[in-house]
Amino acid sequence: MTADALTGSAEPYRRGLPRTGALFRAASDAVPPSGLVLLAILSVQIGAGFAKELFAQLPPSAVVFLRIAMGALVLGVVARPRLKGLTRADLGVGAAFGATLGLMNLSFYEALARLPMGIAVAIEFLGPLGVAVAASRRRLDLLWVALAGSGIALLAPWGRATGLSWAGIGFALVAGACWAAYILLSAAVGQRFPGTGGVSFAMVVACLLVAPIGIGAGGSDLLHPELLLIGLGVGLLSSAIPYAIELEALRRMSKRVFGILMSLEPAMAALVGLVVLGEVLNVREWAAIGCVVIASVGATRSTG
């Protein structure tokens with residue numbers, strides 16, 4: 001999921017991204033925009049599912065490095081960052097954007113290693129949900145905050161054996177906070193960097209910051225061709241493919257409807273976790289995810 005889904009702040013990147021090919025445009029025009037959004041969500045979560053399967057062979061930080069490195073490589077080829085004419089302040093904002101991106105992915109993958117996918121995504125979703133609520137001044141938004149809080153309370157292992165860890169919940173909350181910061185920084189980066197230069201620059205910064213941790217944890221295992229190929233697939237499924245699909249969907253639908261559909265992401269993550277990873281959730285956990293999804297939909301409608 002792009003970080004701007006709930007706030008509608010993707011416009012700076014939408015203007016600057018390269019035009020998709022005629023073949024892709026023709027194929028995407030045959031699919032309703034709502035279908036494109038669901039395809040993008042599915043792509044992101046399948047990418048996360050493949051990444052989690054890699055945890056049996058590599059530590060989460062090494063998988064993060066593979067994903068970001070491959071994403072930076074692809075973006076570097078498609079949209080090479082142009083730094084000419086940028087000030088130190090511009091570069092500083094871009095570096096902060098990249099650092100936030102790196103920490104967000106590290107935290108989320110550490111949460112993913114300790115929690116089922118649907119639960120990790122639901123908790124992380126509190127970040128963009130908080131930004132969406134903060135952008136509104138309606139009293140009704142207090143209801144969405146309370147509903148989301150109730151969902152997280154249902155997930156917390158309050159003195160009972162639930163199979164969920166406080167460490168995993170903590171990592172997911174850190175990822176959510178980084179997601180909120182990412183959203184706030186994205187608008188500034190979009191104004192300071194031409195086109196998609198800000199995204200490419202941020203990916204390079206994130207890669208440089210994550211590299212010592214990921215390489216130190218993964219070691220020579222990172223050089224295995226099959227792991228590199230899976231890492232490339234994770235990077236494409238989690239970043240390049242959904243970005244292209246989401247931008248095409250935004251061309252044909254309102255940002256508010258787009259944000260509402262993206263609110264289904266925690267539920268989609270739970271379904272992918274069930275099908276791909278065999279992660280079976282109980283009724284209480286599904287209810288918690290439902291609370292977060294409903295709160296996200298409500299907050300997005302209020303912001304719209």
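The values are calculated or read from the model by the stated rules, or taken from the named source; none is laboratory data. Source: prediction; values computed, not measured. Cβ: placed from backbone, ideal geometry, glycine included. Neighbour counts: every protein chain shown.
Keeping to segment 288-303, report how many residues are among the hydroxyl-bearing types (Ser, Thr, Tyr) and either within 18 Å of the chain's Cα centre (by Cα) or at pLDDT 85 or above (or both).
2
Kindly provide the set of residues from segment 269-286 that are touching a residue at least 60 places away in the same chain (Cβ under 8 Å) and either of a type in the set (D, E, K, R) or not in a helix (DSSP H, G or I) (or both), ordered by number.
Correct list: Glu279, Leu281, Arg284, Glu285.
Within segment 266-279, is even one residue buried (at least 16 other Cβ atoms within 10 Å of the Cβ), at negative phi, over 17 Å from the mean Cα position of the chain (by Cα) and not aliphatic (A, V, I, L, M)?
The answer is yes, given that some residue of segment 266-279 is buried (at least 16 other Cβ atoms within 10 Å of the Cβ), at negative phi, over 17 Å from the mean Cα position of the chain (by Cα) and not aliphatic (A, V, I, L, M).
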